[in-house]
Structure formats: C-alpha cells, structure tokens
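S.K.: If you scroll down you'll find the structure; I have some questions about it.
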Amino acid sequence: MKANQTKPANAVLQLKSVKDAAYQFARTGETSQTIAKYIMEQDPSFPSELSKELKADLSAGFMLRAHELWGIDEYRLGDTGVFIKLGNTVDPNYKRDTELKGIVQFNVILAMSMSQQEFGQLKNKNPQEHAIMKDWRDKFSKYVFNNIAQLKSAARLLINADKPRERTANKNFTEALNDAFDTLDKRAKNAEARGDETASSVKFRMARDAFFNTYNP
C-alpha cells in the first residue's frame, strides 16, 4: 500500500511573552467563532444537531489538516515478515535510504478510505496491517470528535452571546448521577456505531441498572 508524499504544514507559532500569547489566543477564539458562524449559515440546525452530510464534510476538512500534521509512516517488511517502522515523513530528521526496496506506507487518508466491512475483513487477512490501520483510525476518530466539540462550543458562544446568564439550582447527587449515566449511555451508542470494539451499549445499560440496584439511598 502506498500513498503520495506531501509536504507537512507544521508552522510553529513563535510566542514572545505571556501578553503575546494572550493576544494570539484571543485571535484564535475569534477565528473559531467566525468559522462556527459560517457553518451555522450553511446548516442552521448546527450545533443542536449534526447531520451525516455535515459531519462528512467536516471530517473531510479535518482529514486534510490531520494528514498535514501526521504525515506518512513508512515501513519495510523484515525477514521474519514483521513490519519494521523506518520513520515518518513529517520528521525533519527522517531521511529514507533511496536504495531501500519494498517500502510500505500508511497514512490517515489511506486508513479512513476503508469501509467498516473492509477494515473488519483485514483483521483476518493481515493482522499487522489491521493493527496499524486501527491506530490511524482511532487517532482520527478522536481528532474529529475533539474538533467538532470545539466547533460546537464556539457556535454556542455565538448563540448565547447576548443572553443573560441564568443561575440554576444545584442538582442533588442522584440527579447528577442520572445525567452522567445518560451522557455515558449516548457515548457508548456513538462509540459502538463508530466500530469501537471496547463499547457495548447493551452491557453498559446492564451495568448501569446493576449500579442503581445497589446504590439506592
């Protein structure tokens, strides 16, 4: 498997002082809100809802940046049939031997181009490649999740900018537990839908019921 090499865009922000850092941070927040505003104009249901179409478009954009940041991992196949990692194309200290043959490349674009079915089948066909691909896919899923969370946060700041802040009564501990379990239940379902093998919504609900059967003040 091979992928085209690209030059990474890993420009380092040079900060001169805490004052300069604060200035740059404020600019970043303004940029985030400008982008969030544009997304909301394209899809008025965001951030309360995230359609499949919007998530696909966002993920495609996140993938371009992830590829710039993470580059391409290069391996060679050892004499015993085990992949030996040589380095990564974004590492300035990595220089591949041009005479070396049989280079195998992996990157986020390649990993995410596989359907869930193809990825599952790879586990039996080539466990080594499956393990490498899984690392890329898991890393990108987390990257997408975090970026969407930040985008939603920026959108909500815009929505609530002119609203007066309302104080709410503190919830009792049982109410807080229910809210926490509701949130985790949704996360379990979403993780299961993404193919996370560690997630099981059914087992989670069983564990939740067992917890409340024991904890019943």
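Per-residue answers, yes or no, for (1) among the basic types (Lys, Arg); (2) at pLDDT 90 or above:
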site: Arg137; (1), (2): yes, yes
site: Ile148; (1), (2): no, yes
site: Ala154; (1), (2): no, yes
site: Arg165; (1), (2): yes, no
site: Ala176; (1), (2): no, no
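S.K.: Please work out if Ile39 is assigned by TED's automatic domain parsing to the domain that holds Ile103, under 16 Å from Ile148 (Cβ atoms), among the β-branched types (Val, Ile, Thr) and surrounded by 10 or more Cβ atoms within 10 Å (Cβ to Cβ).
M.R.: On the way: assigned by TED's automatic domain parsing to the domain that holds Ile103: yes; under 16 Å from Ile148 (Cβ atoms): yes; among the β-branched types (Val, Ile, Thr): yes; surrounded by 10 or more Cβ atoms within 10 Å (Cβ to Cβ): yes.
For Ile39, the condition - assigned by TED's automatic domain parsing to the domain that holds Ile103, under 16 Å from Ile148 (Cβ atoms), among the β-branched types (Val, Ile, Thr) and surrounded by 10 or more Cβ atoms within 10 Å (Cβ to Cβ) - is met.
Yes/no matrix, rows are residues, columns are (1) out of contact with any Lys or Arg (no Cβ under 8 Å at 6 or more places or on another chain); (2) surrounded by 13 or more Cβ atoms within 10 Å (Cβ to Cβ); (3) over 17 Å from Asn146 (Cα atoms); (4) not aliphatic (A, V, I, L, M):
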| site | (1), (2), (3), (4) |
| --- | --- |
| Asp73 | no, yes, yes, yes |
| Leu77 | yes, yes, yes, no |
| Thr98 | yes, no, yes, yes |
| Ile103 | no, yes, yes, no |
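S.K.: Further, regarding this structure: Quick one: Lys85 ticks every box in (1) more than 24 Å from the chain's Cα centre (by Cα); (2) surrounded by fewer than 13 Cβ atoms within 10 Å (Cβ to Cβ) bar one, so which box is it?
M.R.: Condition (1) is where Lys85 drops out.
S.K.: Take the residues of the range 60-82 that are charged (D, E, K, R) and more than 24 Å from Tyr143 (Cβ to Cβ): which is farthest from the chain's Cα centre (by Cα)?
M.R.: Step by step, filter the range 60-82, then rank; the result is Asp79.
S.K.: Could I ask something else about it? Evaluate the range 194-206: report whether one residue or more is outside the structural domain of Trp70 (by TED's automatic domain parsing), more than 28 Å from Lys55 (Cα to Cα) and in contact with a helix residue (DSSP H, G or I) (Cβ under 8 Å, 6 or more places away or on another chain).
M.R.: Kept after step one, since they are outside the structural domain of Trp70 (by TED's automatic domain parsing), are these residues of the range 194-206: 194-206.
So of that shortlist, the ones also more than 28 Å from Lys55 (Cα to Cα) come out as 206.
Checking which are in contact with a helix residue (DSSP H, G or I) (Cβ under 8 Å, 6 or more places away or on another chain) leaves us with none.
The answer is no; no qualifying residue exists.
S.K.: Further question: Please identify the pairs in which a residue from the range 38-66 that is farther than 19 Å from Ser115 by Cβ has its Cβ atom under 8 Å from the Cβ atom of a residue that is of a type outside the set (Gly, Ala, Ser) and assigned to a loop (DSSP other than H, G, I, E, B), counting only partners at least 6 apart or on another chain.
M.R.: Ile39/Phe46; Met40/Phe46; Met40/Pro47; Ser51/Asp43; Leu54/Asp43; Leu54/Phe46
The values are calculated or read from the model by the stated rules, or taken from the named source; none is laboratory data. Worth saying up front: this structure is predicted, and the values here are computed from it rather than measured. Because the Cβ atoms are built from the backbone with ideal geometry, glycine has one as well, and the counts that use them run over all protein chains shown.
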